[in-house]
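The values are calculated or read from the model by the stated rules, or taken from the named source; none is laboratory data. Bear in mind the structure is a predicted one, so any value in this text is a computation, not a measurement. Neighbour counts are summed over all protein chains in view; Cβ atoms, including those assigned to glycine, are modelled from backbone coordinates with ideal geometry. We work out accessible area using only protein heavy atoms, side chains counted, and drop any ligands, DNA or RNA first. Shrake-Rupley method; radii C 1.70, N 1.55, O 1.52, S 1.80 Å.
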Amino acid sequence: MGALTQLTCLSTNVGRGRMHVFIIRLHPIRYRNTVCNDTTEDDQFSVLLHQYLHQFQSTKTQYVFKIFPEETYLDMDCVPQCNLEETRASRAKYLWNCSIFVPVITWGKEFSVLNELSGLDEQNDREIDFLVYALVALYLLHKRVGRLKAVFSMLQDESGGQTSMMSLLMNLSNKPSIHNCERACLLLQQGGVGRDRKAILDCLLRISVKDAVTLLLPAGWGEGPVKVEMETKGLRGMYIVKEKEVEKSAVEAGELITDCLVGLVKSHIERKLWEFSNHNPRGIEVLQLLRELGVDEQLCEYFALRGIESLDKLSNLVQGFSFKQKHRDCSLSSCNEVLTAMSRPEQSLLEKLVKEHKSDRRFLPLNERLRQYRDSEVNGVLALRTSNSLETAMLKLPARICITFLSFVYLVFGIKQLRSVWTEEIWLPQKNSTTSVESRTVRISMIADPIISFYWSLLFLAGIILGAVDTPLRARWLLLFTGYLVIVGNLFCLLSDTVQCSTQGTGIGSDCNGFSYIITMVFVTFAMYLAHFMQHYFWIAAFFLQGAFCLYAFVTVQKWFREVFLALGLGCMLIALVIVWKYRQGYKQTYSELTAAMGDFDETWKSVREKDLQTIEEINTRVRSIAHELKEVIQRDKRTWSNYLSSLLGMHQSRYSKRNDKIRQASRDFEQLF
């Protein structure tokens, strides 16, 4: 019972893509009893070929079976097939997890492959295993999805030379088999193809019955042109089975298939190593760490093949990865031993690497690294003028001093508002007079004003501290939260003034209203817009607006606070002007450097235009047509009220940004995007 459960789970793993089969062979079947429709496979050649594949591959088992981390099998016959609901045709979905497809094409007898296919037409359409497998394989190769990389066809004449293969091939239908296309479409979706049914079926229906056979053969094979409407990708090989020399044919075919498999494996390993060490920034960093530790020769290939580019992936492998050993007690398997041998370094070496370097920045997940990122190369003042100025401003001392000065301005406003609490201004005034109403009532907004200014000042200071001791990203979140909290506070003051003046006072007038809070909310909302979409203008706008407000206070307030607000206003204006001046200086310097650097490029470009003007014009024409199509798509995606509402609710978001005329990423998760 335990063995059966184990095999059932193994079969489930096949369907879910948690295993890999290097070779899937499709041998013809013989109908022994046409009444009961019982089928059995032509065993002799199939069994011999399976044995010789194991024999030729035995010396290269460790080399071949190391490239995938899942349960790995050499041949489909090595996998226990314990799912009773599966049929021969339904196992075509496993081509998704296969490297080489080996179809055996026979002709000359009643139930040979080509003879069966010749009976297919629009009136007599039925499911044929060979055609289903061929359609699935051709789709995977054409779309470059899944792991199928090669087709190695074997031709077998069962007529003793009396029937020509080409004559049967030319008589095959030039129309697609709708029944088999629909079946192949279903199996492709079950195997792992993520496209919708209509898109898959449209592609399959372009393949006629004749094309399904000819596309499995090497290019240019056969006599006479064969019209093919679909170009196939991947390797294609062929072997002709010798008549009455079954064992010799099995040996020769086994050698050719093994050579093809080894070539695919070598190509796969070389490509993975190249991508990991040259086109994967995280992989390059991991290789640097491995070289520093002197274990790059032992672990480089292992990490590259499994895409281990962060410590969390390695930790999962070390803690939860179980390697299945060779065993001989699998009665349902058609081979003597189920090979899942894999090359892996010593467990102790991996555990040591995880334990000693868990805090190394190069091994952390990208989202964590983004939270800890510090852009410390920017100029101290220009940190207030970058495209991520809310973060860079928390890293440079001059920028921190400027923000501290801004926090001091809010603090002074809070002190001024707090002093008003002990004056006559605390009472609710009449409609058009500063005199309080007869039954004295505390004006709630006068109590809330200093609270808003104090937490505005203190949270900005807390953002500076948080950016220094934690991460700039968290400081940015705190600054944005402060802005929204200020808007909410002013909205509360506006509502309280409106309600009190209307119900407890003599009405809303020139002295009893909350209009000043509306102005504050408008300016803060504008600053929040800049903080979200145009950060390089945020601090300039913040200092200019705050300076203007201080100068307004200088005109309206009395006593010694006038001089304080004048100094604060001029200070804010001065900081904003310094930021603009420093940016213009940096811009001029960068422009002059780029102008000098572009001189050589301009000369090279002129020479290229003189030599290849026609090619450039062709490229330009294609780019313009693509840009025109993209613009039409963006224009068709105009916002309607329904789209706007669904966007606010998070149910829909356009992939096209009208503000930047660019395509947005489908995901905002940094790890997933990478």
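A simple rule links phi to the HN-Hα coupling: the Karplus curve 6.51 cos²θ - 1.76 cosθ + 1.60 with θ = phi - 60°, which for the range 213-218 gives 8, 5, 6, 7, 9, x Hz, with x for Gly and Pro. Annotation: amide H-H contacts under 5 Å for Ile105 (H modelled 1.01 Å from N, sequence separation of 5 or more, or interchain): Met154, Leu155, Gln156. Farthest toward the dipole's positive end in the range 85-200, which of Thr87, Phe101, Asn171, given Cβ charges of +1 (Lys, Arg) and -1 (Asp, Glu) about the Cα centre? Of the candidates, Phe101 comes out farthest on the positive side. Placing dummy labels 7 Å off each Cα toward the beta-carbon, the span from Lys358 to Phe533 is 4.5 nm. In the context of the full set of protein chains, residues of the range 383-424 present 43 Å² of accessible surface per residue (probe radius 1.4 Å, heavy atoms only). Once both labels are positioned 7 Å from their Cα atoms along Cα-to-Cβ, the gap between Lys248 and Thr441 label points is 11.1 nm. Here's how it looks for Trp427: its modeled amide H is under 5 Å from those of Arg443, which are all 5 or more places away or on a different chain.
If the chain linking Ala567 and Tyr587 were pulled fully straight, counting 0.36 nm for each residue of separation and taking away their Cα-Cα distance, it would gain 4.2 nm.
State in Å² the accessible area per residue of the range 517-582; use a 1.4 Å probe, count heavy atoms of protein chains only, and round to the nearest integer.
Numbers: 3510 Å² over 66 residues.
I get 53 Å² per residue for the range 517-582.
Label positions at Gln162 and Gln123, each projected 7 Å from the Cα along the C-beta direction, are separated by 2.7 nm.
Computed FRET efficiency, Cβ-Cβ of Arg622 and Leu349, R0 51 Å: what is it to the nearest 0.05? Don't skip to the answer; put the middle values down first.
Details: r = 52 Å, r/R0 = 1.01.
Efficiency for this residue pair is about 0.50.
Computed with a 1.4 Å probe on the full set of protein chains, the accessible area for Val354 sits at about 20 Å². Each part reduced to its alpha carbon centroid, the range 381-453 and the range 563-625 end up 39 Å apart. Gain on full extension, evaluated as 0.36 nm per residue between Thr87 and Val580 minus their Cα-Cα distance, stands at 170.1 nm. Surface composition of the range 358-464: carbon and sulfur make up 59 percent of the accessible area, probe 1.4 Å. Trp560 sits with roughly 140 Å² accessible to a 1.4 Å probe, with DNA, RNA and ligands left out of the calculation. Extension gain, Glu110-Leu205: 0.36 nm per intervening residue step, less the Cα-Cα distance, totals 31.5 nm.
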